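To start, the structure under review is shown below, and the notes come after it.
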């Protein structure tokens, strides 16, 4: 049986995910991308992973990075999700700031973040599976609601 790519994407898109922005610094430039293909892997040692398309800018740059950050977006940061996913339609980007941080640049205003040292990169079809060893943690002290995504659209937790 052959699985058609679009049908596969639509089916796995029914799984509700949080939304993150993965950021790194390569050649003195901060690069970021929206990722919902993020998960924890191990508690000891603390490992996480995200997946990125091999042909994407981040996919081509991540092997030259020492580390990266995973920034968990709040519901108020939907514009940043669209911007870093390349779906932004406005002339000017939404306002955002990256803060210097251990592992990779941390997105100001995120609900939580993990700073990671690059641990491994594995081939995964047309994607790379990027594993990071967590070296720093951030959690907002203010109340916040996570940005979630399912079925090709943003959703709210009830």
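With respect to residue 69, is the statement that it is surrounded by fewer than 22 Cβ atoms within 10 Å (Cβ to Cβ) and either in contact with a strand residue (DSSP E or B) (Cβ under 7 Å, 6 or more places away or on another chain) or modelled with pLDDT of 95 or more (or both) true?
No: the conditions fail for residue 69.
Which residue pairs have Cβ atoms closer than 6 Å, lie 6 or more positions apart in sequence or on different chains, and pair a first residue in the range 122-138 that is without any contact (Cβ under 8 Å) to a residue 24 or more places away in the chain with a second residue that is surrounded by fewer than 17 Cβ atoms within 10 Å (Cβ to Cβ)?
Pairs found: 122/129.
Considering only residues that are farther than 20 Å from residue 126 by Cβ and free of Cβ contacts under 8 Å to residues at least 12 places away in the same chain, look in the range 38-66 and name the one that is surrounded by the fewest Cβ atoms within 10 Å (Cβ to Cβ).
My answer is 44.
Select from the range 17-45 the residues that are at pLDDT 95 or above, within 8 Å of the chain's Cα centre (by Cα) and not in a strand (DSSP E or B) and list them in ascending order.
Hit for the range 17-45 is 19, nothing else.
With the checklist (1) touching a residue at least 12 places away in the same chain (Cβ under 8 Å); (2) within 26 Å of residue 15 (Cα to Cα) in hand, flag the one item residue 87 doesn't pass.
Failing condition for residue 87: (1).
Can you tell me which condition residue 124 does not meet? The list is (1) at pLDDT 95 or above; (2) closer than 17 Å to residue 32 by Cα, and all the others hold.
For residue 124, the exception is condition (2).
Within the range 18-32, which residues are touching a helix residue (DSSP H, G or I) at 6+ places or on another chain (Cβ under 6 Å) and either buried (at least 24 other Cβ atoms within 10 Å of the Cβ) or within 30 Å of residue 151 (Cβ to Cβ) (or both)?
Narrowing the range 18-32 to residues touching a helix residue (DSSP H, G or I) at 6+ places or on another chain (Cβ under 6 Å): 19, 21, 26, 31-32.
Within the range 18-32, 19, 21, 31, 32 meet the criteria.
The values are calculated or read from the model by the stated rules, or taken from the named source; none is laboratory data. None of these values were measured; they are calculated from a predicted model. Using ideal geometry, Cβ is built from the backbone for each residue, glycine included, and neighbour counts are taken over all protein chains shown.
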